[in-house]
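Engineer: After the structure tokens below, expect a handful of questions from me.
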Amino acid sequence: MRNILAALLLSLCFAATVAAQGVSPESAEKYNAGQDLFKKRRYQEAVKAFEEAVSLDAKNAQAYRAMGKAYQKIRSYDKAIEAYQMATTVKPDYTAAYLEVGELQFQRKKYVDAAQSFKKVLGIDPGFQDGKARKNLKAAYIKQGIMYFRQKNYKKAAVEYQNACQVDPSDAATFYNLGLAYRMSRETKKAREALSTAIELDPKYVKAYRSLGDIHKVTRNNTRAIRNYNKAIELGPTDKKNVNAYLSLAQIYNRLKQPAKAVSALKKGVAAFPKEIRLYRALGLSHANRKHFKSAVSTFKNALAIKSDDTETHYRIADAYLELKNFQTSITHAKKSVRSSKWKVPANVILGDCYEALKQKEKAIEHYKKGLGDPRYKKYCEDKIDRILNPMGGEEQTGEE
């Protein structure tokens, strides 16, 4: 009995609201019938009732809005959007309809349209439903920004993120995304400013420190790059993406001709991420660059313990064994690295060097010939082949004056 009375009171309430809008009694009656059908989940019939309501009185904004809700239920989303928009056309200050059409447009990934709808709500009543439209507007800008970013339209992405920052200037994540968009569109100064703001808002924002380090590295502001990478590592000791921070630190130190510091940074990286092969490869290469070939071999072995078929590591260790004059072991690893198109030519050059050292001239020439097609190794291989074929270095000497 109570449920019947409640439904009756609600129906009377809707009728009174519609009547207060100056809607004809006939239209109000059809609207109420549609509401009853909607409550019973008879959505197709509800749509027909609401259509009849607006045909009887085109000023019945509530009927258009209710029609939009019913169309949503039967997944006729385009018609739902049209119905909501008709509600706002009839009643330009209809905040609820603007909010609902905006939310549907957002669900349909029509973020630009959704943003316009939410802005209408804010223009009429910023506090409507506890300011829900402001949160939704920010989300629409961010989603559109992400969409542009994925399309590699970084300048448009930056505009959307900037809009989101204006809606909510306290969100560090949005400033971070803005910084990435600026960076990708090569607006370095703006990227630095956005990332710095993200860090000001969240002093423990690991990704922001790392990205700021990347920008300083590219612009060769080495001191600031080192400082930001170290801060990222300090704040995110278990963050796997900090592997790149360790690698970048090593690259900077090598660029500054400070190989000992590069080795130190990579050793710390290996200690933090003992299963990350890239760190072992970089550390082994740093040892090799310092001509510490035994340490290089030991480190490359650790890398192969992680991934035994890693062609780059086989190439690197082959090169280190060559320097140690351990030619047979160098050959073993070089043969495993020729499987890769990237390392095929340099590995064949190593094989040529090994066979030459072992006095196996034909094999040496065979492998040097495989380097002739690569501009990086062509001159070296030509010279090697020439020396093997002409060991006396040029024309035959007769001894005559």
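None of the figures in this text is laboratory data; all of them are computed from the coordinates on show. None of these values were measured; they are calculated from a predicted model. With ideal geometry, Cβ positions are generated from the backbone for all residues, glycine too; neighbour counts draw on all protein chains shown.
Engineer: Could you work out the relative contact order of segment 11-92, using alpha carbon pairs under 8 angstrom and six or more residues apart, expressed as a whole percent?
Structural biologist: Relative contact order, segment 11-92: 25 percent.
Engineer: OK, next. Check the straight Cα-Cα distances from Lys241 and name the aspartates and glutamates below 18 Å, setting aside those fewer than 8 residues away within the same chain.
Structural biologist: Straight-line reach from Lys241, under 18 Å: Asp214, Glu276.
Engineer: Determine the distance separating the Cα centre of segment 242-292 from the Cα centre of segment 206-225; give it in Å without decimals.
Structural biologist: 17
Engineer: Of Lys190/Lys240; Lys267/Lys384; Lys59/Lys138; Lys204/Lys275, which sit over 30 Å apart, Cα to Cα?
Structural biologist: Distance filter (> 30 Å) returns Lys267/Lys384; Lys59/Lys138.
Engineer: Also: Can you give the extra length, in nm with one decimal, that the chain gains between Arg255 and Lys240 once fully stretched, where that is 0.36 nm per residue apart less the Cα-Cα distance?
Structural biologist: Stretched out fully, the Arg255 to Lys240 stretch lengthens by 3.0 nm.
Engineer: I want to verify the translational diffusion coefficient of segment 322-390 in µm²/s; compute it with Stokes-Einstein, Rh as the Kirkwood radius over Cα pairs, at 20 °C and 1.002 mPa s.
Structural biologist: 183
Engineer: Using 0.36 nm per residue of separation minus the Cα-Cα distance, give me the extension gain between Ser341 and Lys325 in nm, one decimal.
Structural biologist: So the chain would gain 3.2 nm between Ser341 and Lys325.
Engineer: Please arrange Ser117, Ser24 by counting, for each residue, the other beta carbons lying within 10 Å of its beta carbon, fewest first.
Structural biologist: Fewest-to-most Cβ neighbours within 10 Å comes out as Ser24, Ser117.
Engineer: Could you derive backbone 3J(HN,Hα) for segment 276-288 from the dihedral phi with the Karplus parameters 6.51, -1.76 and 1.60 (θ = phi - 60°), listing whole Hz in sequence and x where the residue is Gly or Pro?
Structural biologist: Couplings: 9, 5, 4, 5, 5, 4, 5, 5, x, 5, 5, 4, 5 Hz.
Engineer: On a 25 Å Cα-Cα criterion, which of the cross-link pairs Lys307/Lys363; Lys217/Lys301; Lys48/Lys110; Lys217/Lys257; Lys156/Lys207; Lys73/Lys109 come out too long?
Structural biologist: In this structure, Lys307/Lys363; Lys217/Lys301; Lys48/Lys110 lie more than 25 Å apart at Cα.
Engineer: Moving on. Please list, in order, the residues from segment 312-355 whose amide nitrogen is less than 17 Å from a point placed 7 Å along the Cα→Cβ vector of Lys369.
Structural biologist: Residues 345, 348-353, 355 fall inside that zone.
Engineer: Moving on to the next point. Once you place label points 7 Å from the Cα toward the Cβ at Lys135 and Glu362, how far apart are they in nm?
Structural biologist: That separation, rounded to one decimal, is 8.0 nm.
Engineer: Assuming 0.36 nm per residue, please report the length gained on full extension of the stretch Arg227 to Lys152 beyond their Cα-Cα distance.
Structural biologist: Full extension of this stretch gives 24.0 nm more.
Engineer: Now for a different question. Compute the distance from the alpha-carbon center of segment 331-363 to that of segment 104-155, in whole Å.
Structural biologist: 59
Engineer: Oh, and also: Fewest first, what order do Lys30, Lys217, Lys294 take by the number of other Cβ atoms within 10 Å?
Structural biologist: Arranged by neighbour count, lowest to highest, Lys30, Lys217, Lys294 become Lys294, Lys217, Lys30.
Engineer: Let me ask something else about it. State the percent of C-alpha pairs, over all pairs in the chain, separated by a distance greater than 29 angstrom. Before the final figure, lay out each step's value.
Structural biologist: Working: 52702 of 80200 pairs.
Value for the chain (Cα pairs over 29 Å): 66 percent.
Engineer: Shifting gears a bit: Any idea what angle helix 293-306 forms with the longest principal axis of the chain, computed on alpha-carbon atoms, 0 to 90 degrees, nearest 10?
Structural biologist: Tilt relative to the chain: about 40 degrees.
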